[in-house]
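For reference, the structure discussed in these notes is given below.
The values are calculated or read from the model by the stated rules, or taken from the named source; none is laboratory data. In this text, all values refer to a predicted model and were calculated from it rather than measured experimentally. Here the Cβ is made from the backbone with ideal geometry for all residues, glycine too, and neighbour counts use every protein chain on show. Just so you know, the surface numbers come from the protein's heavy atoms only, side chains and all, with ligands and any DNA or RNA stripped out. Shrake-Rupley method; radii C 1.70, N 1.55, O 1.52, S 1.80 Å.
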Amino acid sequence: MSIILDKIFAHTSKFIAVSILLLVAWIFTVLLQHSMESITALGFDFVTETKWAPNLEKFGALPAIYGSVVSTFLAMILAVPLAIGVAIYLSELAPAKLKTPVGVSIELLAAIPSVVYGMWGLFYFVPIVRDLVGGIGISMLTAGIVLSIMILPFMAAVTRDAMDTTPDILKESAYALGGTRWDVIKDIIIPYAKAGIIGSLILALGRAIGETMAVTFVMGNVHQISMDLTLPATSIPVTLANEFTEASSGLYYSSLFQLSLLLLVISFTIISIAKFYFLRRKRVGL
Amino acid sequence: MTHTTKRIIMNNIVMTLSTISAVIGMGFLFWILGILVINGVDALTWTIFSQEGAPPGYENSGLKHALIGQLLIVGAATVVGVPLGILAGTYLSEYGQKAKLAETIRDISDIMMSAPSIVIGAFVYAVVVAPMGHFSGWAGSIALTIIMLPIILRTTDDMLNLVPSTLREAAFALGAPKYKVIIQVVYRGAKAGILTGILLGVARVAGETAPLLFTSFNDNFLNTDMNEPMASLTVTMYNYATSPYEDWQKLGWAAAFILSMFILTLNILGKLFLLKKKGR
């Protein structure tokens with residue numbers, strides 16, 4: 001009896017574990033299937049065409065891709081120095097009394113739903129941008145800034161975790177040799193935890209590029225490519241969030257699936273680079 | 001200037017910059033938190049819990065429909081996702097261990113954890129909503145289950161791994177079959193850790209909006225039929241906040257506050273469980 005139960009337990013758990021792989025394969029297949037119409041109809045033009053006009057049956061994804069790249073780039077430029085600063089502060093500078101409370105609150109802030117960041121952006125940040133740089137406030141710039149603030153806690157927390165992997169004994173040895181804190185950071189922690197730090201930053205990038213709600217509120221979903229950051233723009237997730245339920249025609253529907261597939265492939269690639277190249281053998285942190 | 005002075009000056013510059021960036025970063029984050037609390041508390045009234053949604057301008061409007069919808073959608077996802085995730089995690093830690101298959105499943109789940117959730121929504125739309133012909137609470141739950149699975153799986157895997165193998169060996173030596181060892185010894189040893197994983201997993205999916213936009217969609221009135229489109233706090237928040245009506249926006253803030261407090265509580269509980277375990 002218990003031999004049978006043993007077998008059942010082992011096989012059920014294995015079956016469920018393997019179905020995770022099948023599920024991921026299924027997700028890719030379904031997205032690809034539903035994109036076929038647009039892939040065959042539009043071909044490579046899909047990613048080079050700049051016009052997105054569903055009423056004219058024109059579907060060019062370049063504005064959305066451009067928006068994703070630029071908003072994420074802006075977010076990274078703003079968030080990376082801050083996150084590294086916060087991480088250095090938490091791992092080396094903060095007095096013991098502050099270390100845990102500040103560290104925990106950063107982790108808790110990373111858990112706040114991104115839709116809340118989006119709401120804050122819409123009601124409190126858009127007016128500030130409007131007053132400072134003009135325009136309507138709903139813009140690529142606003143989206144980049146809100147995205148950077150949304151990603152900051154996650155980025156700071158994982159970067160700090162990477163820095164904290166440096167063995168204390170190495171740091172203590174350097175301090176004993178008369179090193180300043182900056183010496184220890186630049187000559188001990190950064191060389192030791194370099195891969196982990198870079199991996200954490202790229203992981204945060206992977207999250208940022210797929211982020212929907214924080215930017216949907218403040219980006220405007222306007223399909224245009226402009227150097228002017230104060231104009232409304234769109235990104236792949238923003239387009240999906242705004243237009244998915246409206247898609248009526250086959251090609252419109254299919255091109256949105258192609259956008260989803262594109263987004264999934266891009267983030268899979270970025271996250272894989274972070275995970276496999278930089279964070280290998282590191283236990284996952286939530 | 002001596003070399004030492006230069007180093008000390010450099011050190012002070014970098015440390016100041018780092019402290020400033022910590023202050024700026026924390027400042028922004030507490031600004032958001034402060035606004036959330038101020039607006040949320042301001043908008044909280046009893047009618048929020050007792051009344052359903054109403055057209056803008058209508059006095060007696062609340063979030064009952066969204067609260068119940070949220071509970072149903074997240075609840076169903078938890079009921080399905082947690083056992084599946086725990087079993088899959090058990091396979092990784094107790095059977096698969098370092099085998100190639102287990103490692104691949106770990107890697108793929110790690111990636112899935114950070115994959116864009118809106119894409120999961122599109123997938124569920126294609127395989128559930130489109131064939132059924134309409135949005136439904138179930139579709140939302142399925143999307144959330146998919147997002148929750150890898151989280152539960154990986155924490156279970158990690159937590160079971162922390163159980164000392166001597167405990168397993170002792171149970172085996174008493175003649176217990178493997179499934180009994182796992183259920184009665186390993187699970188018990190990893191209880192706090194698994195619970196933390198569940199809490200964090202639920203907290204994570206409870207805040208998801210994007211995958212619900214085109215799966216469970218929305219409904220401004222109370223509906224408990226999971227076969228129908230269903231309101232959730234997050235989608236309601238999005239719709240109300242982007243509406244031009246002030247009373248709806250206010251309800252949106254109340255929803256944001258309630259949801260954030262729920263998620264923060266789950267996270268704090270999860271951390272406490274882990275701490276308690278470490279302290280023992």
### Query
Mind checking how much accessible area B and A bury in total, 1.4 Å probe, in Å² rounded to 100?
7700 Å²
### Query
Short version: ³J(HN,Hα) in whole Hz for each residue of segment A:20-30, in order, from phi by Karplus 6.51 cos²θ - 1.76 cosθ + 1.60 (θ = phi - 60°), x for Gly and Pro, what are they?
4, 4, 4, 4, 5, 4, 5, 4, 4, 4, 4
### Which of A:VAL222, A:PRO81, A:PRO127, positive extreme of dipole for the protein assembly as shown (C-beta unit charges)
A:PRO81
### Query
If you place +1 on the Cβ of every Lys and Arg, -1 on the Cβ of every Asp and Glu, and leave all else neutral, what size is the dipole of chain B about its Cα centre, to the nearest 20 Debye?
1620 debye
### Query
Which ³J(HN,Hα) values, rounded to whole Hz and listed in residue order, are derived for segment A:223-231 from phi using the Karplus coefficients 6.51, -1.76 and 1.60 in 6.51 cos²θ - 1.76 cosθ + 1.60 with θ = phi - 60°, glycine and proline given as x?
7, 8, 10, 9, 6, 6, 6, 8, 8
### Partner chain coverage, peptide B:26-39 - average Cβ within 10 angstrom
5
### Query
Along the positive direction of the dipole of chain A (beta-carbon charges: Lys, Arg +1; Asp, Glu -1; about the Cα centre), which of A:TYR253, A:GLY199, A:THR269 reaches farthest?
A:GLY199
### Task
Taking chain A as the reference, fit the longest principal axis to its C-alpha atoms, fit the long axis of helix A:250-272 to the helix C-alpha atoms, and give the angle between the two in degrees, 0 to 90, nearest 10.
20 degrees
### Query
Does segment A:66-206 classify as rounded, prolate or oblate by the C-alpha gyration tensor (a ≥ b ≥ c root eigenvalues; a/c under 1.5 gives rounded; else a/b over b/c gives prolate, otherwise oblate)?
prolate
## Note on the structure
Rounded to a whole %, the carbon-and-sulfur portion of the accessible area of segment B:214-280 at a 1.4 Å probe is 63 percent
### Query
A:LYS58's amide H: which non-local residues (gap 5+, or another chain) put their own amide H closer than 5 Å, with H modeled 1.01 Å from N in plane and none for Pro or chain starts?
A:ALA53
### Query
In chain B, which helices (entire DSSP H runs) extend 18 Å or more along their own long axis, judged by Cα positions, while averaging at least 1.0 on the Kyte-Doolittle scale?
B:3-43, B:64-90, B:191-206
### Query
Going down the table (A:LYS99/B:LYS271; A:LYS14/B:LYS98; B:LYS100/B:LYS180; A:LYS171/A:LYS275), which pairs top 23 Å between alpha carbons?
B:LYS100/B:LYS180; A:LYS171/A:LYS275
### Query
Which of B:PHE30, B:ALA122, B:ASN267 sits closest to the plus end of the dipole of chain B, meaning its Cα is farthest towards the positive end, when Lys and Arg get +1 and Asp and Glu get -1 on the C-beta?
B:ASN267
### Query
If we sort B:226-233, A:239-246, B:264-271 on the protection proxy, mean other Cβ atoms within 10 Å, highest first, what's the order?
B:226-233, A:239-246, B:264-271
### Query
According to the square roots a ≥ b ≥ c of the eigenvalues of the Cα gyration tensor, what is the shape class of segment B:50-279, taking rounded for a/c under 1.5, prolate for a/b larger than b/c otherwise, and oblate for the remainder?
prolate
### Amide hydrogen neighbours beyond the local backbone of B:SER232, cut-off 5 Å, H modeled
B:ASP219
### Query
Dipole of the protein assembly as shown, Cα-centred, from +1 at each Lys and Arg C-beta and -1 at each Asp and Glu C-beta, to the nearest 20 debye?
2400 debye
### Query
How crowded by other chains is B:89-101, given as the mean number of beta carbons from other chains within 10 Å of each beta carbon?
3
#### Entry: Carbon/sulfur fraction of accessible area - segment B:149-198, other protein chains in place, 1.4 Å, %
64 percent
### Summary
Within 10 Å of the Cβ of an average residue in B:59-68, the count of other chain Cβ atoms is 0
### Task
On a 0 to 90° scale, report how tilted helix A:62-88 is relative to the longest principal axis of chain A, with both axes built from alpha carbons and the result rounded to the nearest 10.
10 degrees
### Message
Can you list residues from other chains, or at least 5 along the same chain, whose modelled amide H is less than 5 Å from the amide H of A:VAL222?
### Response
A:ALA233, A:THR234
### Summary
Carbon/sulfur accessible area of segment A:47-278, % of total, 1.4 Å probe, equals 66 percent
